[in-house]
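The structure appears below as structure tokens.
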Amino acid sequence: MQERIDFHGFDVDTRRYLHSETCPQAHDERRVHQVSQRSICLRMEIRTETGRNLMLTWTTLTFTAGAEWAPGSSFGLDTFRLDGAGRFHYENRTRGETKSAAGNITPVLLNDIGWHLEQAGFPGVPAHDIPPGASLVEFTLDDVSGSRTARMDYFAARNFPGYRELLVRFDRWTAWLRDGANGASPPGLIRKQEALS
């Protein structure tokens, strides 16, 4: 990401600006106010760019939910593995039966995922109770520095910014693939093959 940019005549250090409501390089109070009014848009542009750069460092992002043999699990174990180029491999295991599919997601969705991870503060997870027998979800990111996992209660995750949006997307994709990919696909998801074993 470009570390310094010219923004309306100001030399802005974007690394500092991400944490400031005003331009740190401007000294005229009137001009600071003008820049501050545009701060939200600038931060969104910078963070979107940051998300794209983050995606390029990925090896894989893996979403897992459920359990193959749990008596109370209606859909078994879902695993959706996505690489930094947008290729995915999906697998569902339910009491010894396996269903799998592969395909791609669009670049727009790939960028959105990078943004949601940043918004969530991945791999950090807000403190919350995980009761015995809770339904857990995991997001595991593998890159050149190693593997990091965020694990949380499914229902609690629906209230965590960033993770909430990721959960909505992955829930929708895995449900459609698990049910046989019938009907119109979720926007941006392109299935290439499906197999049963």
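The values are calculated or read from the model by the stated rules, or taken from the named source; none is laboratory data. The structure presented is a predicted model; accordingly, all values stated were derived computationally and were not measured. Neighbour counts are summed over all protein chains in view; Cβ atoms, including those assigned to glycine, are modelled from backbone coordinates with ideal geometry. Keep in mind that these areas ignore ligands, DNA and RNA; they rest on the heavy atoms of the full protein, side chains included. Shrake-Rupley method; radii C 1.70, N 1.55, O 1.52, S 1.80 Å.
Label sites at N182 and S147, each approximated as a point 7 angstrom past Cα along Cα to Cβ, lie 3.6 nm apart. For the stretch 65-180, the carbon plus sulfur part of the accessible surface works out to 53%, probe radius 1.4 Å.
In the context of the full protein assembly, T64 retains an accessible surface of approximately 30 Å², using a probe radius of 1.4 Å and ignoring ligands and nucleic acids. Note on S185: accessible area is roughly 50 Å² with a 1.4 Å probe, heavy atoms of protein only. The Cα atoms of the stretch 115-166 give a gyration tensor whose axes a ≥ b ≥ c have a/c of 1.5 or more with a/b no greater than b/c, which makes the shape oblate.
Semi-axes of the equivalent ellipsoid for the stretch 62-197, computed as √(5λ) from the eigenvalues of its C-alpha gyration tensor and ordered from largest down, come to 22, 20, 13 Å.
Going by accessible area, probe 1.4 Å, with all protein chains left in place, what is the ranking of F155, F122, F63, largest first? Kindly include the intermediate steps, with their values, before the conclusion.
On the way: F155 115, F122 35, F63 0 Å².
Most to least solvent-accessible, the answer reads F155, F122, F63.
Quick check on the stretch 65-124: take the gyration tensor over C-alpha atoms, sort the square-rooted eigenvalues as a ≥ b ≥ c, and tell me if it's rounded (a/c under 1.5), prolate or oblate. Cα axes put the stretch 65-124 in the oblate bin. Distances between placed amide hydrogens fall under 5 Å for G188 paired with no residue 5 or more residues away or on another chain. Dipole magnitude for the stretch 60-197: about 240 debye, using +1 per Lys or Arg Cβ and -1 per Asp or Glu Cβ, origin at the Cα centre. Figure legend: label point modelled 7 angstrom from the Cα of T60 along Cα→Cβ; residues of the stretch 107-134 with amide N under 20 Å from it are 110-111, 113-114, 117, 123.
Expressed in nm to one decimal, what extension gain is obtained for the pair S135 and A85 from 0.36 nm per residue of sequence separation less their Cα-Cα distance? Display every interim value, and only then the final one.
Details: separation 50, 0.36 × 50 = 18.00 nm, distance 2.96 nm.
Full extension of this stretch gives 15.0 nm more.
Taking amide H atoms as placed 1.01 Å from N in the peptide plane, the amide H of L136 lies under 5 Å from those of G66, Y154, each 5 or more residues away in sequence or on another chain.
Tally Lys and Arg at +1 and Asp and Glu at -1 over the other residues with C-beta under 15 Å from the C-beta of P126: what net charge comes out?
Numbers: positive: R151, R158, R164; negative: D129, D153, E165.
Overall, the nearby charge balance is 0.
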